[in-house]
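The values are calculated or read from the model by the stated rules, or taken from the named source; none is laboratory data. Note that the structure is a prediction, hence the values are computed from the model and not measured. Glycine gets a Cβ as well: all are built from the backbone with ideal geometry, and neighbour counts include every protein chain shown. Side chains are part of the model used for accessible areas, which takes the heavy atoms of the whole protein and leaves out ligands, DNA and RNA. Shrake-Rupley method; radii C 1.70, N 1.55, O 1.52, S 1.80 Å.
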Amino acid sequence: MKPAHHLDDSTVLSFAAGTLDDAFSVVAEAHLSMCPACRAAVREAEALGGEVLDALEEGSVSDACRAKTIAALDQATLYRLPVAPPRSDLPPALVRLLDISSFEDIAWKKKAPGVAMCDVKLPAYAKGKLKLLRISAGRAMPEHGHGGEEITLVLKGAYHDHMGVFARGDVADLDEDIEHQPVVGPGEDCICLVATEKPTRFKSLAARLMQPFVGI
Amino acid sequence: MLAAMDQSDMQIDREKQKQEAHFRNLMKRVAQSHDRQAFAVFFDHFAPRLKSFMMRKNVSAELAEDLVQDAMIAVWRKAGLYEPSKGSVTTWVFTIARNLRIDRIRRDVHMPMTELGTYDEPSDAPEGEELLGRKQEDGLVAQALKSIPDEQRQVLLLSFVEDMPQSEIAQKLAIPLGTVKSRMRLAYGHLRRILETRS
Ligand SMILES: [Zn+2]
């Protein structure tokens, strides 16, 4: 099944320019690995990058740089495509970070009844946060606006809100002022990969989720 | 205001077609026979532009030349992987340079930039994608870039050249983040429309 909900065009452009924060770029890449339509969109945006590069004024390159480059060709081995990681239900971009190969290996931490989370560690300079979220079958998430930028990719199961049904591969790349109340379908837990801005000015995702349960 | 382009505005750019055909030919010589002369011609065209591309955000001339060298060597090593149907040679060089710039900044082995092509399956390539390289050669993407309003082009240049995230662009231009996003969407939508008129 090809995804029905896609990356926002502004996310596609920023991904192509290479300026997305790491947390968001992992989620975008995970979606891209499942979505030929968005891969085509990124390629179009990269074509803009190509034209921009083509139109740049020429910097002066030293003779030494040219000579070193040409001398280095002797040692340069031909590039080989990396061996594809074993097939997994988890997107490659996530497997590389977590070093696990299946949903069963995720180290969940219970946050509230029906809500479990797993932080995905990013390099220190990453500005955003990345986490896996598991919501139990049949459970409604608290209604929440996005107090900052947020992008969510469904990896397993499905939820629905006023935007429609979000199943595996679908991404919710929403403006921060959109309020929604996702409800997980019956029968299967829903696992999502969520990138958020670091909770400084905003309540953390955890706090927002736990709000109705623990009354904070 | 979006400049509406009618068909008559869209001249096929013969010069661009010739240049791309030349680059493709050089790439083939590098890939098939490790032709150093072809590589040198390639270097003399791209290295100066790559130097400008790398000289951003406190990058010293020395590091910029290091990155130029790495990018050009990557071109040599990867020449055989270039697929004309998925974009022009210039775009391919851009993605190599962009990935190097990110990897040098991130310096993290767990997060190397992945080539989009590794996710492609032969069966699911949409028709339009096959034509992208061709359309770019015809100068359509360059025309899209030229015909958008300045405020949209500025946001693209800050992204692609200055390496600025959306939030930094918003700060620099003193406009809301939502405005940065909407300018990006408009610019991209304009490109889409131009590409679609020639599908
Ligand atoms: Zn998509």
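Results, tabulated for the structure shown:
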| quantity | calculated |
| --- | --- |
| Estimated vicinal HN-Hα couplings, Hz - segment A:117-133 in sequence order (Karplus 6.51, -1.76, 1.60; Gly, Pro = x) | 9, 9, 6, 9, 6, 10, x, 4, 7, 5, 8, x, 10, 10, 8, 9, 10 |
| Rounded to whole Hz, the Karplus (6.51, -1.76, 1.60) HN-Hα couplings of segment B:169-183, x for glycine and proline | 4, 4, 5, 4, 8, 6, 10, x, 3, x, 6, 4, 4, 5, 5 |
| Amide H within-cut-off set for A:GLU197, under 5 Å, with H built and near neighbours excluded | A:LYS129, A:GLU149 |
| Accessible area of segment A:9-93 belonging to carbon and sulfur atoms, whole % at 1.4 Å probe | 53 |
| Chain A: angle of helix A:205-214 to the longest principal axis, Cα-based, in degrees nearest 10 | 0 |
| Mean-position separation - Cα centroids, segment B:30-76 and segment A:83-126, in angstrom | 37 |
| Whichever aspartates and glutamates have a C-alpha closer than 19 Å to that of B:LYS135, once near sequence neighbours (fewer than 8 apart) are set aside | A:GLU44, A:GLU46, A:GLU51, A:ASP54, B:ASP6, B:ASP9, B:ASP13, B:GLU15, B:GLU20, B:GLU83, B:GLU127, B:GLU196 |
| Segment B:133-188: GluC sites (Glu not before Pro) falling in loop per DSSP and having at most 12 other Cβ within 10 Å | none |
| Residue order for A:TYR79, A:TYR125 - accessible surface, 1.4 angstrom probe, largest first | A:TYR125, A:TYR79 |
| Residue of A:LEU133, A:LEU94, A:LEU56 that the Gaussian network model of chain A assigns the largest fluctuation, springs spanning Cα pairs under 10 Å | A:LEU56 |
| Violating pairs (Cα-Cα greater than 18 angstrom) within the set A:LYS2/A:LYS121; A:LYS109/A:LYS129; A:LYS109/A:LYS131 | A:LYS2/A:LYS121 |
| Calculated FRET efficiency for the pair A:VAL183/A:ALA55, C-beta based, R₀ 30 Å, to 0.05 | 0.05 |
| Unpaired by the 4.7 Å Cβ criterion, cysteines found in chain A | A:CYS65, A:CYS118, A:CYS190, A:CYS192 |
| Long-range amide H partners of A:HIS6 with built H, under 5 Å | A:VAL171 |
| Proximal charge balance of A:SER101 [Cβ under 12 Å; K/R count +1, D/E count -1] | -2 |
| Amide H contacts of A:VAL120 (H built 1.01 Å from N, under 5 Å, at least 5 apart or other chain) | A:LEU130, A:LYS131, A:LEU132 |
| Count, lysine Cα pairs under 29 Å in segment B:12-116, 8 or more residues apart or across chains | 15 |
| Residues B:LEU173 and B:ARG104, FRET efficiency given R0 of 30 Å [Cβ-Cβ distance, rounded to 0.05] | 0.65 |
| Under Karplus coefficients 6.51, -1.76 and 1.60, residue-wise ³J(HN,Hα) of segment B:137-152 in Hz, glycine/proline x | 4, 6, x, 5, 5, 4, 5, 4, 4, 6, 9, 8, x, 3, 5, 6 |
